Amino acid sequence: MSRLAEYRRLEQQLAAQLAELESMKGDTAIQAEMEFENRLGALLAEYGFSLRDVINLLDPKANVRQQSPVGQEKTTRKPRELKTYKNPHNGEVVETKGGNHATLKAWKAEHGAEAVESWRQ
């Protein structure tokens with residue numbers, strides 16, 4: 001994209017955002033929230049409190065709730081099941097807990113995965 005095209009695109013985005021901002025300025029709900037925030041800030045400054053102090057007064061357990069997820073215990077995984085395969089062609093037996101066994105992979109390449117799975121005991 002050329003620099004000029006990017007400039008025009010950004011200019012259009014800015015115009016759209018400015019229009020949205022102007023429409024929000026006329027919204028009475030936004031004005032009420034802004035007035036509340038200003039009055040609350042003035043009241044906090046008058047009495048020398050911070051927002052954190054007010055939160056602790058209203059809900060003393062607010063800090064405890066934020067720290068509790070860190071203290072959770074980790075759960076352990078269930079151990080994998082031991083799988084035993086017996087090759088009917090040569091009688092060789094393979095015991096494995098996963099599918100990443102070299103002999104098992106060789107059998108699957110030679111005889112096919114379905115056939116090897118049917119050898120499972």
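Could you list, in sequence order, all residues of region 70-89 that are over 13 Å from residue 116 (Cα atoms) and in a loop (DSSP other than H, G, I, E, B)? Let's see the steps before the verdict.
The initial filter retains those residues of region 70-89 that are over 13 Å from residue 116 (Cα atoms), namely 70-82.
Result: 72, 73, 74, 75, 76, 77, 78, 79, 80, 81, 82.
Within region 91-103, does at least one residue satisfy the condition of being closer than 30 Å to residue 120 by Cβ and either among the basic types (Lys, Arg) or touching a residue at least 40 places away in the same chain (Cβ under 8 Å) (or both)? Don't jump to the end; show me each part of the working.
Keep residues of region 91-103 that are closer than 30 Å to residue 120 by Cβ, which gives 91-103.
Add one more test, that the residue is either among the basic types (Lys, Arg) or touching a residue at least 40 places away in the same chain (Cβ under 8 Å) (or both), and what stays is 97.
Yes, region 91-103 has at least one match.
Go through region 79-91 residue by residue and tally those that are surrounded by 12 or more Cβ atoms within 10 Å (Cβ to Cβ) and either of a type outside the set (Phe, Trp, Tyr) or out of contact with any strand residue (DSSP E or B) (no Cβ under 9 Å at 6 or more places or on another chain) (or both). Before the answer, list the steps.
Going residue by residue through region 79-91, those that are surrounded by 12 or more Cβ atoms within 10 Å (Cβ to Cβ) are 83, 85-87.
Add one more test, that the residue is either of a type outside the set (Phe, Trp, Tyr) or out of contact with any strand residue (DSSP E or B) (no Cβ under 9 Å at 6 or more places or on another chain) (or both), and what stays is 83, 86-87.
So the answer is 3.
Any residue that is surrounded by 10 or more Cβ atoms within 10 Å (Cβ to Cβ) and outside any helix (DSSP H, G or I) - is there at least one of those in region 10-26?
Scanning region 10-26 turns up no residue that is surrounded by 10 or more Cβ atoms within 10 Å (Cβ to Cβ) and outside any helix (DSSP H, G or I).
If only one of 100, 63, 38 is open to solvent by 80 Å² or more (accessible area, probe 1.4 Å) and modelled with pLDDT under 90, which one is it?
Working: 63 fails: open to solvent by 80 Å² or more (accessible area, probe 1.4 Å); 38 fails: modelled with pLDDT under 90.
Result: 100 is the single residue among 100, 63, 38 that is open to solvent by 80 Å² or more (accessible area, probe 1.4 Å) and modelled with pLDDT under 90.
From 3, 52, grab the single residue that is of a type in the set (Lys, Arg), out of contact with any His (no Cβ under 9 Å at 6 or more places or on another chain) and loosely packed, with under 10 Cβ neighbours inside 10 Å.
Details: 52 fails: loosely packed, with under 10 Cβ neighbours inside 10 Å.
Going through 3, 52 in turn, the sole match is 3.
The values are calculated or read from the model by the stated rules, or taken from the named source; none is laboratory data. Bear in mind the structure is a predicted one, so any value in this text is a computation, not a measurement. Every residue, glycine among them, receives a Cβ derived from its backbone with ideal geometry; neighbour counts consider all protein chains shown. All accessible areas refer to the heavy atoms of the entire protein, side chains included, with ligands and DNA or RNA removed. Shrake-Rupley method; radii C 1.70, N 1.55, O 1.52, S 1.80 Å.
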